[in-house]
1. Report yes if Glu60 is in contact (Cβ under 8 Å) with a residue 24 or more places away in the chain and either hydroxyl-bearing (Ser, Thr, Tyr) or not in a loop (DSSP other than H, G, I, E, B) (or both), otherwise no.
2. Go through (1) modelled with pLDDT under 95; (2) surrounded by 14 or more Cβ atoms within 10 Å (Cβ to Cβ) for Ala21 and report which single condition fails.
3. Quickly run through the range 117-134 and pick out the residues that are under 20 Å from Gly98 (Cα atoms), open to solvent by 10 Å² or more (accessible area, probe 1.4 Å) and outside any strand (DSSP E or B).
4. Conditions: (1) touching a helix residue (DSSP H, G or I) at 6+ places or on another chain (Cβ under 7 Å); (2) of a type in the set (Val, Ile, Thr); (3) buried (at least 19 other Cβ atoms within 10 Å of the Cβ). Val170 meets all but one. Number of the miss?
5. Testing Cys174 on (1) modelled with pLDDT of 95 or more; (2) more than 18 Å from Leu44 (Cα to Cα); (3) out of contact with any Leu (no Cβ under 9 Å at 6 or more places or on another chain), one condition comes back false. Which one is that?
6. Which residues, taken from the range 63-96, are within 25 Å of Tyr24 (Cβ to Cβ), of a type in the set (Gly, Ala, Ser) and in a helix (DSSP H, G or I)?
7. Which count do you get for residues in the range 1-45 that are closer than 22 Å to Ala64 by Cβ and either small (Gly, Ala, Ser) or in a helix (DSSP H, G or I) (or both)?
8. Mind listing whichever residues of the range 93-109 are under 22 Å from Gly19 (Cα atoms) and open to solvent by less than 10 Å² (accessible area, probe 1.4 Å)?
Amino acid sequence: MGPVVGFDLDMTLLDTRPGIAATYRALVDATGVPVDVDLAVSRLGPPLEHELANWFPAGEIAAAVGTYRTLYRTLAIEPSLPLPGAAAAVAAVHAAGGRVVVITAKREPLARLHLDHVGLVVDQLIGDVFADGKQRALRTVRAEVYVGDHVADMRAAVGAGPGVTAVGVVTGPCDAGELTAAGAAVVLGSLLELPPWLAQWSRPGETQEAHR
């Protein structure tokens, strides 16, 4: 049986920055609250509420989240594109007889719109989870690999247990050193490198000869 491979969404499978930037600009127009859009987009990964807490008073965050998500559906889906190697990475897991599970902090309906728009077919989608939530999701689906661009993704994979291999990609805000320090077993330049890595990967406790 092939492996269960989890993937983060933003800046792992998809470059969502153009659409997110457009949504933040529209949020500024709608609320009159200034947001440094370039800064916000440069640190994608944590839930939206975490970022908006840098710009909105605590009592206004929930309303700002609602406005943002309404705008997002119109502005953010079409500009987002698969990152290099995303389709090939998903195909490689399926070719190995495995399952692809997207585990993301983005709300599931919005994540589904993204996947459908770019034509990425995955076996399961779990949204609205971060940090400990990702750990629980990885355990629930019995993931053996988790691929992400953020240090929090690596920590989630490590926290999910020794049976999960943390794979970092430097397509997001974190560099190779940061991802390694957070627990990445391997750091890839992009998802283009995932199929050959997966072909030689061995489950923990499995010898390379057995893998072949």
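The values are calculated or read from the model by the stated rules, or taken from the named source; none is laboratory data. The shown structure was predicted, so the numbers you read here are calculated from the model rather than taken from an experiment. Every residue, glycine among them, receives a Cβ derived from its backbone with ideal geometry; neighbour counts consider all protein chains shown. Surface areas here come from the heavy atoms of the whole protein model, side chains and all, with no ligands, DNA or RNA. Shrake-Rupley method; radii C 1.70, N 1.55, O 1.52, S 1.80 Å.
1. Values: in contact (Cβ under 8 Å) with a residue 24 or more places away in the chain: yes; either hydroxyl-bearing (Ser, Thr, Tyr) or not in a loop (DSSP other than H, G, I, E, B) (or both): yes.
When the stated conditions are applied, Glu60 passes them.
2. The number of the failed condition is (1).
3. Looking only at the range 117-134, we keep the residues that are under 20 Å from Gly98 (Cα atoms), and these are 119-126, 134.
Remaining after also requiring open to solvent by 10 Å² or more (accessible area, probe 1.4 Å): 119-126.
Within the range 117-134, Gly119, Leu120, Val121, Val122, Asp123 meet the criteria.
4. (3)
5. Of the numbered conditions (1) modelled with pLDDT of 95 or more; (2) more than 18 Å from Leu44 (Cα to Cα); (3) out of contact with any Leu (no Cβ under 9 Å at 6 or more places or on another chain), the odd one out for Cys174 is (2).
6. Initial filter on the range 63-96 (within 25 Å of Tyr24 (Cβ to Cβ)): 63-84, 86.
Of the ones still in play, those that are also of a type in the set (Gly, Ala, Ser) are 63-64, 66, 76, 80, 86.
Matches in the range 63-96: Ala63, Ala64, Gly66, Ala86.
7. Result for the range 1-45: 23.
8. Of the residues in the range 93-109, the ones under 22 Å from Gly19 (Cα atoms) are 102-109.
Selection gives Val102, Ile103, Thr104.
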